[in-house]
Amino acid sequence: MSPLSPTRIVGSSNRSLFDMLSTDILLLILSVSTPATIRQCQRVCRFLRDLIHSDMYLQYLLELDTYGYTEPLNPRRDLGYAEKIALLRDHTSRWRNPGIISPDYYELPPGRTISPRPFVNGTFVWKAEAANDSDRIYFYQLPSRNKGTDFKHWSVDLAEFRGFDSLWIDPEQDLLVVAMKTGTDSGNIVYEIHLRSLGTGQVHPMAAAEHSVLYYSTILGSLRIEVIGHSLAAITSSSLPHAVHTVVWDWVTGQQLSYLAYEGSSQLELLSEKSFVISQTSDPDPFSPGGSSGCLKLYQFGYTQDARSNQAIHTASFELPVNTSEDTISEIKLYAAPNTATKSGYSTSTKVYDQRPSDRLLRIEVLAPPKYIYHGGAALKTIHAPVSALMHLLPNARPEATDPLNCLRIPWDRWSNRTSWTADAEPAGNSCVRMSGWRAVIIKQSLGTGPSDLSILDFCQKRLGPRSTGVSSRCASQEGDMSPRDQKINEVSGDKFVSAKISWNLRTVSPSSTMEWYDRPWVDEEHLIQRKMVMSGSAPRHILMDYGF
């Protein structure tokens, strides 16, 4: 290996080279080097250090990488690199020490939240309930230091969609999706899915000519909408019996990309614009890898223009760990952190930092049968893994339809090093989990009153820094006081995939003359919000509390 001139390596035309070199590549370079070339590398490293110290752009790139972010495709131009670095550090510091944050308060009109996801990427959705205003939907865009935007709110009248079944928003694409049940056809339930502008309520200017699509569901169950980029999925699922049905469209062209009707599972999550995953217990599934508790079946689609042959292709099965409990497994539930990453041209906002589409968590709960018919089963194990843990093991070749027996089988030990799992369930009783990017926030609350106890799990290995070094035991932990406000940080680990855990208590201080009820919090990368209802006088007041990171 002949030495290269330092100027050839780090010349002005190769500014991003340092950022592009991964640890694996650097180790490979050193493994084939001689002592002479290594000494040359040391001189290059000194040159690089001097260059980085004198170049704020390179410092900004390294800072992004240190905190687990990437440079946005639409960067903010109103801040210098030093200001961006300071904002990044403060943002990370707040997540590590949330007790320093004081909430902002916003008064809401009489109304209610809209399930299942009333808070998406900094925008809160609220439905009015006044007698003369019952068809109006309110949107509250919370302040964002990342985007440099202030608080604003507006409303849209959806009288033409009175009694809609599902609503979804994508603030980055100014997209409002409204789904309405319109009847039945040959035993199928028919939904109309309308594509509107989030800002105006009018037909979205990028939507296909029809402005809406028809979704024929074979299942009488709950309907939800998921959007990633130009892919829009309508998903219906049923628990008795376990079944799921989905159709995916390109909402800009109107082309149907995929469909799937599946029996044996009710759990499906959209992973990317061209893939989704279904969970499957091992018992009824002859194609599941043997000896495991079950598997995740990954499907790919959208690789053909032929609408007649666009059924999703089952390309891989990911084995889950062996069930060591005496309990049988009733179901494997899936939850994915919302996608907030956008491609160039999709986004309506500029940012200081962004996340890759695969840098978000997938939560997998392996459940035992419920003890009582109306209760959910207890989780035998809970697994957290980034979407990238699945996607990076897929071949780059275009997927082809194959016999399910011959699809790619990935044993647990091939991807377990990128997961974190426990042998019991964290959430219990009146608890829930919210996820954003690499973080999972476990919320424990007492029947809507009193304080909420939060555990913030951060699985971004780069943000953990030296704390993740040398941790090999699943029981490894470190604890230390974070602040006077009941915060501790420790580490939990599944194999090699470590997480930092911060405990946070949301204390409530109310005048003795009032009664307050607290909703479960919601989170995204910059906010933790909680709605409280104050019983004061003849009518309750609704207040939105925003903890900004």
- Item | Length added when fully stretched, Ser102-Ala539, from 0.36 nm per residue minus Cα-Cα | 154.6 nm
- Reachable lysines from Lys501, criterion Cα separation under 16 angstrom, eight or more residues apart if same chain: Lys444, Lys462, Lys488
- Item | For segment 44-92, fraction of C-alpha pairs farther apart than 13 Å, in % | 59
- Under the Karplus relation with 6.51, -1.76 and 1.60 and θ = phi - 60°, whole-Hz ³J(HN,Hα) for segment 258-269, x at Gly and Pro, equal 6, 8, 7, 10, 10, 10, x, 7, 10, 10, 9, 10
- If we sort 140-149, 266-275 on the protection proxy, mean other Cβ atoms within 10 Å, highest first, what's the order? 266-275, 140-149
- What list of ³J(HN,Hα) values in whole Hz, one per residue of segment 81-91 in order, does the Karplus curve 6.51 cos²θ - 1.76 cosθ + 1.60 (θ = phi - 60°) give from phi, with Gly and Pro shown as x? 5, 5, 5, 5, 5, 4, 5, 4, 5, 5, 4
- Item | Least to most buried among Ile85, Ile443 (fewest other Cβ within 10 Å first) | Ile85, Ile443
- Average projection area in nm² (convex hull over Cα atoms of segment 186-240, one quarter of hull surface): 4.8
- Task: Would you calculate the separation in nanometres between label points at Thr184 and Met206, each defined as 7 Å from the Cα along the Cα-to-beta-carbon direction?
- Result: 3.8
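Bear in mind that the values in this text are calculations on the coordinates, not laboratory data. Nothing here was measured: the structure is a model prediction, and the numbers come from that model. Virtual Cβ from ideal backbone geometry, glycine too; neighbours counted across all protein chains shown.
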